[in-house]
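Read the structure below first, then the notes.
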Amino acid sequence: MKETFRIGSWSMLLLVLAFELLALAILLLRSSENKRANRLLAAALCVTAGMLTPFVIGYAGAYDVWPWLSFAPFAIPLALGPCLYGYVTALAEDRPIARRHWIVPALQFFQLAAVFPWPVATKTWFDGAVQEPYLNPLTSFGVLVSMAGYALASARRLRRYEGWLKGRRRDPSPARLLRAPVVALGLLVAARAGYDLWDELVAPVTYFDLFAYYIALGVLGLWIGLDGWRGAHRPRPVIEEAQERNWAAEGRVWIARLQAEDWWREEGLDLEGLARRLATNTTSLSRGLNAAEGGFTAILARLRAEAVAARIRGGDDRDLLVLALEAGFGSKASFNRAFKARFGVTPSEYRVANGTSAPLPGELRRPQP
């Protein structure tokens, strides 16, 4: 009897799920915000679609019609846990996970890819002698352990992020995006463990018995993907302390930009306004400025005092208060304090002494941070 390839209802349902997952992955890759997180979520959706593919074509009879398709590296379930864990980490901390997390998924892919080109007869022998008795049970156990481990690790990331938001009295809603992958991994672990226990204790689980599991896998993937896509375009706070950043270097860059753009001249400039212009947040900006040079207020005062001093040296004989207001000072008292802190003399004394080209003894070169 000649075997035929026919897309039935089971194959069609899984095929629709797989296409929807891939469409969501493309939408996520086009997002302009949270790029690291969106790439990892897109990868997780592609992995999920790949896990559905052997069942899409298998239920349609593809492996009977074209036996050379066996061992095609469509399904890499060991990659799903790292992808979702990486997604949660990127959302919470905007950093990649360690490369070691990708070693086992890569080994699974290369094992399938290495066997796939073999002749059908050789693959049939390998499946009966090695794959079925040894590698399949090991892989099944590894997938269960991987999903369980990454579910727990993702849950810890979620709790830490929620605690960080709460400790800083921030809106807790950004943590919602992290919950979907944690819940999905937990449900998949429970479902997979249930099938494995049934297979061991009650009756062997067949290829067709797994249909419900893969429907659940596709639906959970769609849930995570849709939830992630809805939040893909929104900037979100991240745990800055988790990042190893050279705050002093970043602070110096921000100070240079502040000086180059002449923003320091604006009397109403505050930390929040400067953070918006520099495309960062106030926490990071404050930390960087403090590490580089004594903080936002001190930096503004120094730049403004130096501007007035430059005007005096240039021969501008207008009233000192006028020069101070033009430089961004809000009052004479704040101007006098800042000027004396920077140059060691009052503005009037500086003007009197400015008749000579030599600087006053108090006019010291500002140490480089």
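The values are calculated or read from the model by the stated rules, or taken from the named source; none is laboratory data. The structure presented is a predicted model; accordingly, all values stated were derived computationally and were not measured. Cβ: placed from backbone, ideal geometry, glycine included. Neighbour counts: every protein chain shown.
Name every residue in the stretch 169-216 that is of a type in the set (D, E, K, R) and either free of Cβ contacts under 8 Å to residues at least 12 places away in the same chain or assigned to a helix (DSSP H, G or I) (or both), in order of residue number.
Residues satisfying the conditions are R169, D171, R176, R179, R192, D196, D199, E200.
When the stretch 158-168 is examined, which residues are found to be over 19 Å from Y87 (Cβ atoms) and in a helix (DSSP H, G or I)?
G163, K166, G167
Among the residues of the stretch 55-69, count how many are under 22 Å from P105 (Cα atoms) and surrounded by fewer than 20 Cβ atoms within 10 Å (Cβ to Cβ).
1
When you scan the stretch 94-112, how many residues do you find that are of a type in the set (F, W, Y) and either outside the structural domain of P235 (by TED's automatic domain parsing) or farther than 24 Å from N34 by Cβ (or both)?
2
This table checks each residue for (1) crowded, with 20+ Cβ neighbours inside 10 Å; (2) modelled with pLDDT under 85.
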residue	(1), (2)
A279	no, yes
L285	yes, no
L289	yes, no
L300	yes, no
A305	yes, no
R311	no, no
L320	yes, no
E326	no, no
G330	no, yes
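Name the pairs: first residue in the stretch 74-95 and at pLDDT 95 or above, second residue in a loop (DSSP other than H, G, I, E, B) and not hydroxyl-bearing (S, T, Y), Cβ to Cβ under 8 Å, at least 6 apart or on different chains?
P82/I97; Y85/I97; G86/P96; G86/I97
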